[in-house]
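Reading through the structure tokens given below for one structure.
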Amino acid sequence: MKTAHRQVIIAGNWKMNKTSKEAAALTEQILAGVKSLSANAKNLPEIILCPAYTSLATVGPLLKGTGVKLGAQNMDWRNEGAFTGEISPLMLLDLKTNYVLIGHSERRHLFGETNATTNLRLKAALAHGLKPILCVGEMIDERENELTDAVVGRQVGAGLTDIDPAQFSQVTIAYEPVWAIGTGKTCEAKEANRVCSVIRKTVASLYARYSGNGHKFDAADMPILYGGSVKASNIAEQLKQEHIDGSLVGGASLNAEEFLAIIKAGADRVKHNLAAAAH
Ligand code: PEP
């Protein structure tokens, strides 16, 4: 069963929260919890912490040797230049960043990022060996007008336009309905799973188009995450779904206990995948 091979990912997006001192304290709490979880679970999910830019240089060294990965919340696509306030891929690499969120809904809707710049950022990330997590999701009026699949399909198609077929395997997609982010409203798990399966089909057809159907990459291997008011109390249901391979967590990732409970649910999903693979 294909699900068994997919990586399970739990990523924490700390948004514009925490000074570097506070970020260090939260990181230490999370790492202590991860250590005790790994004493009981052989295989943990891929864990990613995405602090604010100002804390990357503090959090990164704390993660060294722990297996927990460092992520940034955004980046510009240019290497350097007169772009006041922006951060380049080279600067993220310099801080040993592994992942970068691309096209988060707050970037799209509060800061005017477009599908076109999302594509530039994503391609720049891949060109520099940073792993992009492409965020997509519909607004509430789009959902009410039954435009969810069209909007999400367009965002995935635009975000992945013209990427090298060999790099599809480096991409993760996060389905984050805008109306569920930071609102306490979660997308019902079966519906989130349905949209994630639409995303997977879109990825498969894009890959076929770009690769001439080389069959080297299988969209069934791409991790697709759900995000939007995920908490310890609702993560298990999401992770029971076939097409949901983890979570991008905002608010709940600022609380070590909550985030660790979400990581534990991710570890249960890894265990389930391995057991399925053994059959
Ligand atoms: C997010 O920032 O990607 C997110 C999903 O936020 P929250 O979990 O707070 O809804």
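Read-outs: derived from the displayed coordinates by stated rules, not from any lab. Keep in mind that what you see is a predicted model, and the values were worked out from it rather than measured. No Cβ is skipped: glycine too gets one built from the backbone with ideal geometry, and neighbour counts run over all protein chains shown.
Considering V230, V270, V178, the condition of being touching a residue at least 40 places away in the same chain (Cβ under 8 Å), farther than 29 Å from Q29 by Cβ and under 19 Å from the mean Cα position of the chain (by Cα) is satisfied by V178 alone.
Scanning region 99-128 for residues that are away from the ligand (no atom under 16 Å from the Cβ) and free of Cβ contacts under 8 Å to residues at least 40 places away in the same chain, we see that the one that is farthest from K15 (Cα to Cα) is A127. Within region 181-193, the set of residues being under 22 Å from K240 (Cα atoms) and in contact (Cβ under 8 Å) with a residue 24 or more places away in the chain comprises I181, G184, K185, T186, C187, A189, K190, A192, N193. Listed conditions (1) touching a residue at least 24 places away in the same chain (Cβ under 8 Å); (2) among the charged types (D, E, K, R); (3) farther than 30 Å from A277 by Cα are all met by E46, apart from (3).
Only one entry of G67, G33 meets the criterion of being surrounded by fewer than 19 Cβ atoms within 10 Å (Cβ to Cβ) and under 19 Å from the mean Cα position of the chain (by Cα), and that entry is G67.
Given the criteria assigned to a helix (DSSP H, G or I) and either surrounded by fewer than 20 Cβ atoms within 10 Å (Cβ to Cβ) or within 17 Å of the chain's Cα centre (by Cα) (or both), does L26 qualify? For L26, the condition - assigned to a helix (DSSP H, G or I) and either surrounded by fewer than 20 Cβ atoms within 10 Å (Cβ to Cβ) or within 17 Å of the chain's Cα centre (by Cα) (or both) - is not met.
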